[in-house]
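First the structure, which I've put down as C-alpha cells, then a few questions once you've had a look.
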C-alpha cells in the first residue's frame with residue numbers, strides 16, 4: 001500500500017472524537033488518543049489485511065479495533081480508504097448498510 005485516504009465522514013469522525021475527548025478529559029488526552037488512532041492507520045497501511053474482512057457488504061469492508069473505536073476501511077488498488085471511525089457501541093452494521101450503493 002502506498003496511499004492512505006480518509007473519507008469526509010471519517011475526517012468528521014476523527015474531529016468529533018478529538019472534540020469529545022477534549023471536552024470530557026483534556027486537549028492533551030485528545031491529542032494522545034487521536035495520535036493512537038493515526039498510528040493505527042499507519043499500521044493498517046503497512047498491513048492492510050490486518051482487519052477482519054466483512055463480506056456481507058458490497059464491496060466488502062474490513063474492521064479493526066483501536067482503543068474504543070472501530071476503524072472501518074476498504075483496500076482499493078494501491079490505497080487504503082478509511083470509511084468511518086465509529087465508537088464501539090454504535091450500530092456500525094446499520095451505518096455501513098446505509099453506505100452500500
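Taking residue 45 and the conditions (1) surrounded by 13 or more Cβ atoms within 10 Å (Cβ to Cβ); (2) in contact with a strand residue (DSSP E or B) (Cβ under 9 Å, 6 or more places away or on another chain); (3) without any contact (Cβ under 8 Å) to a residue 40 or more places away in the chain, which numbered condition does it fall short on, given that it satisfies the others?
(3)
When the residues of the range 8-32 are filtered to those that are under 13 Å from the mean Cα position of the chain (by Cα) and surrounded by 17 or more Cβ atoms within 10 Å (Cβ to Cβ), which remaining residue is nearest to residue 72 (Cα to Cα)?
The qualifying residue nearest to residue 72 (Cα to Cα) is 10.
Yes/no matrix, rows are residues, columns are (1) surrounded by fewer than 20 Cβ atoms within 10 Å (Cβ to Cβ); (2) outside any strand (DSSP E or B); (3) free of Cβ contacts under 8 Å to residues at least 40 places away in the same chain:
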| position | (1), (2), (3) |
| --- | --- |
| 35 | yes, yes, yes |
| 58 | yes, yes, no |
| 64 | yes, no, yes |
| 71 | no, no, yes |
| 81 | yes, no, no |
| 85 | no, no, no |
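Also, quick follow-up: Determine which single condition residue 51 fails, assuming it passes every other condition in (1) at pLDDT below 95; (2) under 14 Å from the mean Cα position of the chain (by Cα); (3) farther than 18 Å from residue 2 by Cα.
So residue 51 meets the others, but not (3).
The values are calculated or read from the model by the stated rules, or taken from the named source; none is laboratory data. What you are looking at is a predicted structure, and each value in this text was computed from that prediction instead of being measured. For neighbour counting, all protein chains shown are included, and Cβ atoms are generated from backbone atoms with ideal geometry for every residue, glycine included.
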